[in-house]
Amino acid sequence: MTRKIQAVVVACVFLLGVGCTTGYDKMIKKAEESFYYGKYKDAARSLLPEVNKESKDQLLFMMECGLMLHAAGDYQNSNKVLLAASALSERIAKSISKEALSLFLNDTVTNYRGEDFEVVLVHMYLGINFLMMKDADSARVEFKKVNDLLAEIEVLSGRAYKQNLMAKYLTAIAFELIGDKDNDKNDQQFAFIEYKQILGLDPRLALVYRDLQRMAKKIDYMDEYAQYQAQYGKLDDQPEDAGELIMIYESGQGAVKASRGNLLNDKQMADGIQISLNGLTLQQGVTAAAVLASLKLAEHPIPKFQKRSNKVSYLMINVDGKDLARTYMLENIEDTAVRNMEDNYTNMYLKVAAGVVTKAVAAVVAGIAAKKTAEQFKKTSGVAGLIGTVVGAGVGAGLMANIKPDLRCWHTLPANLQLGRLYLKEGAYTIKIRFLDAAGNEVIGSKEGEIEIKKGQKTFFNYRTLF
């Protein structure tokens, strides 16, 4: 008797314990706090043990550490970590058994593969790092992978993904760098084609108008040069002996995953659960009301992306007291995160609802079995109802503990990526950066930095805000 009752209790303890493992969000908290205090190297250093340890969260620790090193300006070590992350993401495959298990228990039992946009951004940051290290060849390979991956994901998932304008713009710049260095008309033409495609993707992007004129003139496409001048006015004037400042701006804090709250408070999920219940033939003693009652306090298993702080709309670049150029947002990471998750939700909620119902039915059956096991023994018949109730409650508590969202995500991403371009005469400059909101008001005081512009060369300046 004792062994049988213990067996049921052990099963309940297992259910209670599965959801109690330390979450990734708790493990990353200390490093993230250091990062948002601007202690980039300290934050990255604290994650190295997890970066080098095989685990279901290793990919996330690699992405976080790689971006922290990037923010610190340690582009070489950032790429070492991010290249390893890229290789790991390609190796990770969800097995069918773990896919099924995630529906019944908790998705955190699986290896984290990365959201689609996160995997894509690994290559974006690799490309930016290579640009900062003056390796344009490697940079354009990574930027090309960004849009190749988006196309591949679209084919495999059936979801429509727009091409990444930031990646295309930086691809064009990389082709320019190589073409100008080698005086290679083919690479210059490739740059021009990228700019034309950017115009097609966003005809309102003022940043590209000048680049189209400049490149058309450079490769002697004079008909198109005249066409762009007629459309947008003459924009390609630049100082003699000019070099170029290219500002890459990473703004704010990216969206992170959060709970949707109570499971049954979500109408779509509640309807999905009811549909699944209606399609089941329930065992004797199991009722739809009992199943729904067991889910009353359960948490919604599908997370949402929640936006965080992002106070700066764009940067104004001021030289010698004059505002000469601004940055333009080319990749809205936080909107992409929110939109992709909601698209995923629409595609997956019925499947998840079916998994939740299967798990809930199993919990109710376990509660009934526990009570029956106790009632088989006359010596304990006086407390049989109590045993059944206690064990059933334990199963219900275990159920609620394990139906919860997987909140793992790349915490240190910015809200968006922006780009600005400015031609200046050769020389040393003190550049003042002004941080403006959508109305043109300064959010905080301006920051100054020293740069050197060389004739015919592109100087990259990478800046991140954390508020």
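The values are calculated or read from the model by the stated rules, or taken from the named source; none is laboratory data. Source: prediction; values computed, not measured. We place every Cβ from the backbone using ideal geometry, glycine too, and count neighbours over all the protein chains shown.
Points to keep in mind about this one:
- Flag for D182 being farther than 30 Å from T465 by Cα and at pLDDT below 95: yes
- Hits in region 277-316 - residues which are of a type in the set (A, V, I, L, M, F, W, C), in a helix (DSSP H, G or I) and surrounded by 15 or more Cβ atoms within 10 Å (Cβ to Cβ): L277, A288, A290, V291, L292
- For beta carbons closer than 9 Å, sequence separation of 6+ or different chains, a first residue in region 75-92 that is outside any helix (DSSP H, G or I) and a second that is among the small types (G, A, S) and crowded, with 20+ Cβ neighbours inside 10 Å, the qualifying pairs are I92/G114.
- Residue within region 329-344 that is part of a loop (DSSP other than H, G, I, E, B), crowded, with 16+ Cβ neighbours inside 10 Å and of a type in the set (A, V, I, L, M, F, W, C) present: no
- Of the residues examined, A384 is not one that is modelled with pLDDT under 95, over 28 Å from M166 (Cα atoms) and within 29 Å of the chain's Cα centre (by Cα).
- Any hit, region 246-262, residues being within 30 Å of K447 (Cβ to Cβ) and of a type in the set (D, E, K, R): yes
- Index of the failed condition, P303 passing every other in (1) touching a Lys or Arg at 6+ places or on another chain (Cβ under 6 Å); (2) closer than 30 Å to D237 by Cα: (2)
- Filter result for Q238 (of a type in the set (S, T, N, Q) and modelled with pLDDT of 95 or more): no
- Top-ranked residue in region 180-207 [being surrounded by fewer than 19 Cβ atoms within 10 Å (Cβ to Cβ) and among the acidic types (D, E); ranked as farthest from K458 (Cα to Cα)]: D202
- Here the helices (runs of 4 or more DSSP H) wholly within region 181-269 that include at least 2 residues being free of Cβ contacts under 8 Å to residues at least 12 places away in the same chain and of a type outside the set (D, E, K, R) are 185-201, 222-232.
- Selection within region 194-248 - farther than 22 Å from G179 by Cα and charged (D, E, K, R): D202, R204, K234
- The number of residues in region 135-180 being in contact with a strand residue (DSSP E or B) (Cβ under 7 Å, 6 or more places away or on another chain) and in a helix (DSSP H, G or I) comes to 5.
- The listed residue being of a type in the set (S, T, N, Q), within 30 Å of T346 (Cβ to Cβ) and surrounded by fewer than 18 Cβ atoms within 10 Å (Cβ to Cβ), out of Q238, Q253, Q268: Q268
- In region 416-467, counting only strands (runs of 3 or more DSSP E) that sit wholly within it, the ones holding 1 or more residues that are surrounded by 17 or more Cβ atoms within 10 Å (Cβ to Cβ), touching a residue at least 60 places away in the same chain (Cβ under 8 Å) and within 30 Å of the chain's Cα centre (by Cα) span 416-425, 427-436, 458-464.
- Candidates V356, V365, V312, V319: the one that is modelled with pLDDT of 90 or more and more than 30 Å from S446 (Cβ to Cβ) is V356.
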